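For reference, the structure discussed in these notes is given below.
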Amino acid sequence: MEEKKWGQKELQDQVVRQGLCTGCGACVGLCPYQASYEDRTVFLDRCDLKEGRCYAFCPRTPTDLGSLRASLFNEADLTPEMGPLREFYIARARDPRVRGKAQHGGTVTALMGLALEQGFITEAILTEAGEDLLSREVNVNDPGKVLSLAKSRFVVSPVLGLFNRLAIGDRQKIGIVATPCQTLALAKMRLQDRSPVDRLELVIGLFCGWALSWEKLLPLLQKKTGKSPILGMDIPPSRYHSLEVYTPSGTVEVSLDEVTPCVRDACWSCFDMTAEFSDISVGSARLPEGWEEARHWNQVIVRSPAGEKLLAMAKAKGVLEFRDVPEGNLERLKQAALNKKRAAVRNLVKRSGREDDLVYLDRHDPVFQGL
């Protein structure tokens, strides 16, 4: 697919007004005209540039995924279901204090802390909980602060806007924790000569089925918890059909029937469950012992030499502990990733009204043929 060079007007017309904006922040921090406000991308003034990085970097504008894969990864590592795969692990943080405060096995927290401690990166871009569950991007250079920013938010944080701002400064080596759409935007940046993305050293991607709209989620949770402080949230395997909300007085279970209407519209058109364009991808584990054991472990995909180097460091330093991968786990993960691609194709065909029109995806890309 030939990438068209368009700007802010086309970004508004083709992405934002079509309900495809993911809130990733890729178009923010590049110029004064776009900003993130209360889980939305807003346009503060009109830009008359015919060609803009805001359009070029957006993960929901047309993208030649084949060129991205070929440029960033070893062809021998590519899988049709979930992109590059060099290594696959079941792992968790060895330190029980990390596991106790972080999401699931604490692998993301442990790896990002290690990367800062060892000078693999000098600045980490993470997410913190702001007022009323509104996620907020934050940068840290102290490994000790990483643990305080653990836990999943389930509401997108526009971390790429912060990356855009930091990358033009004197930061030497930046690491970032990102959702799948954000890792795609970063991959698009890496192919742009004018981008300061050369300061990007590490992308840790999060498995993601969907993200929630803050505007819709907040009143639902306030209704369910009586405005009690929310300490964290989690989504068990599909058979539980619920969102677990942790409060000082206990766990509140919210049916996914009530949660699903809070999903961002753009998420139904997303093809990527496992953050395919990251260096390392991390998600919750699935184990034969069941959810009570699995919730303390992570599935980890190593995708690039940078990811491989960090995992090797984590092994050598004893930061992570590992267990054998249960038989069939990788195959089930591949199937889940493929199912998300199929769902995205169905939804995009429904959106366009044409079998051969996948909006921002290329029907001729081998990954999407036959889906």
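The values are calculated or read from the model by the stated rules, or taken from the named source; none is laboratory data. Predicted model only: the values in this text are computed from it and were never measured. Here the Cβ is made from the backbone with ideal geometry for all residues, glycine too, and neighbour counts use every protein chain on show.
Per-residue answers, yes or no, for (1) in contact with a strand residue (DSSP E or B) (Cβ under 7 Å, 6 or more places away or on another chain); (2) of a type in the set (D, E, K, R):
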| residue | (1), (2) |
| --- | --- |
| Val15 | no, no |
| Val42 | yes, no |
| Glu51 | no, yes |
| Thr107 | yes, no |
Open item on the list: Please go through (1) crowded, with 21+ Cβ neighbours inside 10 Å; (2) in a helix (DSSP H, G or I) for Ser148 and return the number of the only condition it doesn't satisfy.
Closed with: (1)
Open item on the list: Being at pLDDT 95 or above and more than 17 Å from Ile301 (Cα to Cα) narrows it down to one residue among Gly100, Gly113, Gly130; which is it?
Closed with: Gly113
Task: Hits in the range 54-105 (condition: under 15 Å from Gln182 (Cα atoms) and out of contact with any strand residue (DSSP E or B) (no Cβ under 9 Å at 6 or more places or on another chain)) - done: Tyr55, Ala56, Phe57, Cys58, Pro59, Arg60, Thr61, Leu68
TODO: Can you confirm whether the range 33-54 contains a residue that is touching a helix residue (DSSP H, G or I) at 6+ places or on another chain (Cβ under 6 Å) and on the phi > 0 side of the Ramachandran plot?
DONE: yes
Task: Of all residues in the range 116-127 being in a strand (DSSP E or B) and touching a Ser or Thr at 6+ places or on another chain (Cβ under 9 Å), the one that is modelled with the highest pLDDT - done: Leu126
Task: Scope the range 152-195; condition part of a helix (DSSP H, G or I), touching a residue at least 40 places away in the same chain (Cβ under 8 Å) and over 23 Å from Ala337 (Cβ atoms); matching residues - done: Gly161, Leu162, Phe163, Asn164, Arg165, Leu166, Met189
- [ ] From Glu128, Glu137, grab the single residue that is surrounded by fewer than 17 Cβ atoms within 10 Å (Cβ to Cβ), among the acidic types (Asp, Glu) and within 16 Å of the chain's Cα centre (by Cα).
- [x] Glu128
Open item on the list: So, in the range 130-145, how many residues would count as being of a type in the set (Lys, Arg) and in a strand (DSSP E or B)?
Closed with: 1
- [ ] Given the conditions (1) within 28 Å of Tyr246 (Cβ to Cβ); (2) free of Cβ contacts under 8 Å to residues at least 12 places away in the same chain, report the number of the one that Asp198 does not fulfil.
- [x] (1)
TODO: State the number of residues belonging to the range 291-328 that are among the aromatic types (Phe, Trp, Tyr) and in contact (Cβ under 8 Å) with a residue 60 or more places away in the chain.
DONE: 2
Open item on the list: I want to confirm something. Restricting to the range 153-196 and keeping residues that are under 22 Å from Arg303 (Cβ atoms) and surrounded by fewer than 19 Cβ atoms within 10 Å (Cβ to Cβ), which single residue is modelled with the highest pLDDT?
Closed with: Lys173
TODO: Only one of these is out of contact with any Ser or Thr (no Cβ under 8 Å at 6 or more places or on another chain), over 27 Å from Glu292 (Cα atoms) and not hydroxyl-bearing (Ser, Thr, Tyr): Arg199, Arg239. Name it.
DONE: Arg199
